[in-house]
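Participant: Okay, here's the structure, questions in a sec.
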Amino acid sequence: MPGLSSFPITQRWPASHPERLQLYAFPTPNGVKVSIMLEETGLAYEPHLIDISTNASKDPAFVSLNPNGRIPAILDPHGPDGEPLALWESGAILVYLADKTGLFLSSAPAQRYETLAWVFFQMSAIGPMFGQLGVFTRGPAKDFEDKRPQQRFIDETKRLLGVLDRRLEGRDWIVDEYSIADIATIGWVDGLIGLYDLGGVVGFDAFANVQAWRGRALARPAVRRGLLIPARPA
């Protein structure tokens, strides 16, 4: 695999199409950010399922690409200056792909930084809080006798949905146009309702602007495709 053979991950998960961008992910709210972005941009890519249920992200070959041992990660054979680029952290990948394609991140400085602020809001707040809510309501901590942690994450999730709902008042998208801010966030909001089935727990019906935004996002064919890539094991 010219250009990629020096990366150990390509020995563990061989590329059938080494000329394409390689995606290493699992269809979680974090993982689908990148698959949605790739589907939206139309870049040629090859997805590899990193089965986190079997701790595949802790495989030394994967850790050689992402030292943090978390999905998603990419390997782009056509990186800056024509050299292969390995990249991890979903937010960084979204920015990279936006810059690579010139899509979904404005070049106008004020709008660009506003978009990045909302991406970082997802990374620092929505993702961690929604994820912990899932752990304490549907995951291994759901049977803890002390319910104070669970309630803390319910309350914080409601607060964050309120922030997003106020932002979406009178807007179709989080910033002026559909952007990586929406792409970063939709998997988490949709996962809260679908994957975790927590709409009733957090009173999702009260957030009409977020509901409408979710509907608009899910109406996009690339979003619907991206939410299922890579396909889960049968």
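Participant: Can you name the residue in the range 216-228 that is open to solvent by 40 Å² or more (accessible area, probe 1.4 Å) and closer than 13 Å to residue 37 by Cβ and is also farthest from the chain's Cα centre (by Cα) among such residues? Explain how you work it out, then say what you get.
Facilitator: So the first thing to find is which residues in the range 216-228 are open to solvent by 40 Å² or more (accessible area, probe 1.4 Å), and the list is 216, 218-221, 224-225, 228.
Then drop every residue that is not closer than 13 Å to residue 37 by Cβ, which leaves 220, 225.
Values: 220: 16, 225: 14 Å.
Among those that are open to solvent by 40 Å² or more (accessible area, probe 1.4 Å) and closer than 13 Å to residue 37 by Cβ, it is 220.
Participant: Could you tell me which numbered condition residue 123 fails, if it satisfies all but one of (1) outside any helix (DSSP H, G or I); (2) touching a residue at least 40 places away in the same chain (Cβ under 8 Å); (3) open to solvent by 30 Å² or more (accessible area, probe 1.4 Å)?
Facilitator: (1)
Participant: Which ones in the range 161-178 are more than 20 Å from residue 30 (Cα to Cα), open to solvent by 10 Å² or more (accessible area, probe 1.4 Å) and touching a residue at least 60 places away in the same chain (Cβ under 8 Å)?
Facilitator: 176, 177
Participant: Are there any pairs with C-beta distances below 6 angstrom linking a residue in the range 220-231 that is at negative phi to a residue that is part of a helix (DSSP H, G or I) and open to solvent by 60 Å² or more (accessible area, probe 1.4 Å), with the two at least 6 apart or on different chains, and if so which?
Facilitator: none
Participant: Further question: Being in contact with a Gly (Cβ under 9 Å, 6 or more places away or on another chain) and either open to solvent by less than 10 Å² (accessible area, probe 1.4 Å) or without any contact (Cβ under 8 Å) to a residue 60 or more places away in the chain (or both) is the filter; apply it to the range 62-81 and report the residue that is farthest from residue 43 (Cα to Cα). Before you say what the answer is, go through the steps one by one.
Facilitator: From the range 62-81, those in contact with a Gly (Cβ under 9 Å, 6 or more places away or on another chain) are 62-63, 71-72, 77-78; that's our starting set.
In the following step, the residues that additionally are either open to solvent by less than 10 Å² (accessible area, probe 1.4 Å) or without any contact (Cβ under 8 Å) to a residue 60 or more places away in the chain (or both) were identified as 62-63, 71-72, 78.
On the way: 62: 23, 63: 25, 71: 20, 72: 17, 78: 11 Å.
Ranking the qualifying residues of the range 62-81, first place goes to 63.
Participant: Just the residues that are outside any loop (DSSP other than H, G, I, E, B), within 14 Å of residue 225 (Cα to Cα) and open to solvent by 50 Å² or more (accessible area, probe 1.4 Å), please, taken from the range 7-49.
Facilitator: Answer for the range 7-49, where residues must be outside any loop (DSSP other than H, G, I, E, B), within 14 Å of residue 225 (Cα to Cα) and open to solvent by 50 Å² or more (accessible area, probe 1.4 Å): just 47.
Participant: Please find, within the range 51-61, the residue that is farthest from residue 10 (Cα to Cα) out of those that are surrounded by 11 or more Cβ atoms within 10 Å (Cβ to Cβ) and not aliphatic (A, V, I, L, M).
Facilitator: So the residue we want is 55.
Participant: From the list 158, 142, 147, pick out the single residue that is in contact with a helix residue (DSSP H, G or I) (Cβ under 7 Å, 6 or more places away or on another chain) and loosely packed, with under 13 Cβ neighbours inside 10 Å. Write out each step before concluding.
Facilitator: Working: 158 fails: loosely packed, with under 13 Cβ neighbours inside 10 Å; 147 fails: in contact with a helix residue (DSSP H, G or I) (Cβ under 7 Å, 6 or more places away or on another chain).
Checking each option against the conditions leaves just 142.
Participant: Hey, another quick one. Among what's in the range 179-215 and is part of a helix (DSSP H, G or I) and either without any contact (Cβ under 8 Å) to a residue 12 or more places away in the chain or open to solvent by 70 Å² or more (accessible area, probe 1.4 Å) (or both), pick the residue that is nearest to residue 106 (Cα to Cα).
Facilitator: Restricting attention to the range 179-215, the residues satisfying the condition of being part of a helix (DSSP H, G or I) are 180-193, 199-202, 204-206, 208-215.
With the extra rule that they be either without any contact (Cβ under 8 Å) to a residue 12 or more places away in the chain or open to solvent by 70 Å² or more (accessible area, probe 1.4 Å) (or both), the set shrinks to 199-200, 205-206, 211, 215.
On the way: 199: 32, 200: 36, 205: 32, 206: 31, 211: 25, 215: 23 Å.
Among those that are part of a helix (DSSP H, G or I) and either without any contact (Cβ under 8 Å) to a residue 12 or more places away in the chain or open to solvent by 70 Å² or more (accessible area, probe 1.4 Å) (or both), it is 215.
Participant: Something else about it: Taking the stated definitions as given, is residue 154 assigned to a helix (DSSP H, G or I) and β-branched (Val, Ile, Thr)?
Facilitator: So residue 154 fits the description; yes.
Participant: Quick one: would you say residue 4 is assigned to a loop (DSSP other than H, G, I, E, B), modelled with pLDDT under 95 and open to solvent by less than 30 Å² (accessible area, probe 1.4 Å)?
Facilitator: Numbers: assigned to a loop (DSSP other than H, G, I, E, B): yes; modelled with pLDDT under 95: yes; open to solvent by less than 30 Å² (accessible area, probe 1.4 Å): yes.
Answer is yes for this residue.
Participant: Just wondering, is there one or more residues in the range 95-113 that are touching a Leu at 6+ places or on another chain (Cβ under 7 Å), under 23 Å from residue 209 (Cβ atoms) and either open to solvent by less than 20 Å² (accessible area, probe 1.4 Å) or polar (S, T, N, Q) (or both)?
Facilitator: No: zero hits.
The values are calculated or read from the model by the stated rules, or taken from the named source; none is laboratory data. These figures come from a predicted structure and were not determined experimentally. Reconstructed Cβ throughout: ideal geometry from the backbone, glycine too, with neighbour counts over all protein chains shown. Ligands, DNA and RNA are excluded from the accessible area calculation, which covers all protein heavy atoms including side chains. Shrake-Rupley method; radii C 1.70, N 1.55, O 1.52, S 1.80 Å.
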